[in-house]
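Participant: So that we are looking at the same thing, I have put the structure below in structure tokens.
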Amino acid sequence: MKDDRTIPADTANTIPRMPSWVTVGRAETPEDVAFLSGAALGLLHVVLGRDDVPAALLRDRLALHAAESCVGFAGRPERAADLRDALHLLRPGDRPGPAGAVYHQWRRAVDRAISAPALKRAMPELLAPHVPVWLEAGQGGVVRRAAAVLEAVLTDHPAEEAAALILADAALARALGWGHLVPVLAAGLNRRDLRSTGDDLTIACHRAVVKAAPGIAQLAADLTRRAGALHAVSVKLRAKGASDAVAIFLTRDAVAPAALTGFMSDRAARRLCDRLVSLGVVRELTGRDTFRLYGV
């Protein structure tokens with residue numbers, strides 16, 4: 001998956017959509033399921049390889065969705081808005097709670113190119129030394145490898161769903177030749193699937209790909225359009241540090257004005273965020289009057 005490139009918004013209309021026969025096809029046999037997941041991954045590979053897709057922004061948004069799924073697997077009530085608050089409104093020196101920690105794991109996992117050292121950063125300290133071994137647990141086809149990694153981690157640490165899914169998605173991405181981890185499996189699996197093993201887990205992962213891939217392709221098209229609109233407006237902004245702020249918006253799911261104060265004042269950061277909202281290229285995500293968050 002390539003790094004970010006932004007070009008005019010109308011190019012988003014050329015991003016291919018998932019064929020309806022993939023999403024509505026009735027899979028009667030394991031071979032049918034594998035065929036449909038292969039087709040879904042093939043189209044996803046094309047979409048994610050495009051230069052105009054804002055890759056880092058897409059990965060960060062998908063990390064939020066994956067974290068929300070993992071928090072749900074643990075029986076916690078936090079949803080996407082809660083996870084954003086848990087991480088983006090932290091005070092210096094504070095540590096996130098359990099749900100925020102899961103979100104932090106996923107953001108770290110998608111932030112850097114896939115490697116054992118980079119993935120260790122996203123793991124709890126107890127699990128980090130085992131990452132190289134787990135990554136080599138899978139053999140065979142693309143999805144079968146990911147399922148084997150998922151099973152290996154959960155066999156050793158049944159409560160570490162987030163870590164297991166991160167490494168499974170890393171195995172999937174590596175097998176497909178993607179440079180970065182793209183969260184795919186968490187959105188399509190359920191808690192019962194995670195207790196499966198062997199061929200049953202592999203089939204569940206195939207089904208998860210078929211379920212998740214169309215939404216990822218659609219999100220890629222939507223973010224490409226939004227990023228193109230922001231890029232078009234950015235050349236007209238006169239505020240000092242505006243270009244640096246736009247670069248941050250093009251890589252992060254959510255931005256607090258405080259995140260921009262490294263190159264502009266707090267007041268200027270808030271004014272710029274509100275200006276981008278008024279121009280229709282950035283959204284205020286919380287609906288609050290204070291402690292606001294903004295995103296493309």
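Read-outs throughout are calculated quantities, based only on the coordinates presented, and are distinct from any laboratory measurement. Worth saying up front: this structure is predicted, and the values here are computed from it rather than measured. Cβ: placed from backbone, ideal geometry, glycine included. Neighbour counts: every protein chain shown.
Participant: Just the projected area, averaged over all directions, of the convex hull on the alpha carbon atoms of the range 43-167: how many nm²?
Facilitator: Averaged projected area of the range 43-167's Cα convex hull equals 8.7 nm².
Participant: Helix-derived [θ] at 222 nm for the chain: sum -39500 (n - 2.57) over DSSP H runs of at least 4, divide by residue count, nearest 500?
Facilitator: After summing the helix terms and dividing by the residues of the chain, the value is -18000 deg cm²/dmol.
Participant: For the range 114-158, what D do you get in µm² per second when you plug the Kirkwood radius from alpha-carbon pairs into Stokes-Einstein at 20 °C and 1.002 mPa s?
Facilitator: Using the Kirkwood radius from Cα pairs, D works out to 198 µm²/s.
Participant: Calculate the dipole size of the range 110-199 relative to its Cα centre from +1 charges on Lys and Arg beta carbons and -1 charges on Asp and Glu beta carbons; express the result in debye to the nearest 20.
Facilitator: Rounded to the nearest 20 debye, it is 160 debye.
Participant: In degrees between 0 and 90, to the nearest 10, how far off the longest principal axis of the chain does helix 198-234 point, with axes built from Cα atoms?
Facilitator: That helix lies at roughly 20 degrees to the long axis.
Participant: Let me ask something additional. Please report the net charge: other residues with Cβ closer than 14 Å to the Cβ of residue 184, K and R +1, D and E -1.
Facilitator: Neighbourhood net charge equals +4.
Participant: Which value in Å is the Kirkwood Rh of the range 124-191 over different Cα pairs?
Facilitator: Hydrodynamic radius (Kirkwood, Cα pairs) of the range 124-191 is 11.8 Å.
Participant: Using only C-alpha atoms and all pairs of different ones, pull out the Kirkwood radius for the chain in Å with one decimal.
Facilitator: Every distinct Cα pair counted, the radius reaches 19.8 Å.
Participant: Only sites in a loop by DSSP and with at most 15 other Cβ atoms within 10 Å count here; which GluC sites (Glu not before Pro) in the range 44-131 make the cut?
Facilitator: Taking the range 44-131 and a limit of 15 other Cβ atoms within 10 Å, the loop GluC sites (Glu not before Pro) found are 125.
Participant: So what's the angle, to the nearest 10 degrees on a 0 to 90 scale, between helix 98-111 and the longest Cα principal axis of the chain?
Facilitator: 90
Participant: So what is log10(I(q)/I(0)) for the range 155-296 at q = 0.13, 0.17 1/Å, when the Debye sum runs over its Cα atoms only?
Facilitator: Those come out to -0.73, -0.94, one per q.
Participant: Continuing with this model, one more query. With only Lys, Arg, Asp and Glu charged, each at its Cβ (+1 for the first two, -1 for the last two), find how big the charge dipole of the range 63-172 is about the Cα centre; round to the nearest 20 debye.
Facilitator: Using only the charged Cβ atoms, the result is roughly 300 debye.
Participant: How large is ³J(HN,Hα) for each residue in the range 54-59, as worked out from phi by the Karplus curve 6.51 cos²θ - 1.76 cosθ + 1.60 (θ = phi - 60°), to whole Hz, x for Gly and Pro?
Facilitator: Result, rounded to whole Hz: x, 4, 5, 5, 4, 4.
Participant: In whole Å, what three semi-axes, largest first, describe the equivalent ellipsoid of the range 159-222 built from its Cα gyration tensor (square root of 5 times each eigenvalue)?
Facilitator: 20, 14, 11
Participant: Give me the angle, in degrees from 0 to 90, between the Cα long axis of helix 266-278 and the longest principal axis of the Cα atoms of the chain, rounded to the nearest 10.
Facilitator: Helix 266-278 sits roughly 70 degrees off the main axis of the chain.
Participant: Let me know the charge dipole size of the range 151-296 about its Cα centre in debye, to the nearest 20, where only the beta-carbon of Lys, Arg (+1) and Asp, Glu (-1) is charged.
Facilitator: Here the size comes out at about 980 debye.
Participant: Debye sum, Cα scatterers, the range 22-114, no solvent: what log₁₀ I/I(0) at q = 0.15, 0.20 1/Å?
Facilitator: Debye output, listed in q order: -0.76, -0.99.
Participant: Let me ask something additional. Amide H of residue 141 versus every other amide H placed in the peptide plane: which residues, excluding those fewer than 5 positions away on the same chain, fall under 5 Å?
Facilitator: Under 5 Å from the amide H of residue 141: no residue qualifies.
Participant: Which residue fluctuates the most in the chain, going by a Gaussian network model with Cα springs under 10 Å, if the choices are 189, 127, 57?
Facilitator: Highest fluctuation of the listed residues: 127.
Participant: Could you pull out every residue, at least 5 positions away or on a different chain, whose amide H is within less than 5 Å of the one on residue 294? Hs are placed 1.01 Å off N in the peptide plane, and Pro or chain starts have none.
Facilitator: It is 255, 256, 285, by chain and number.
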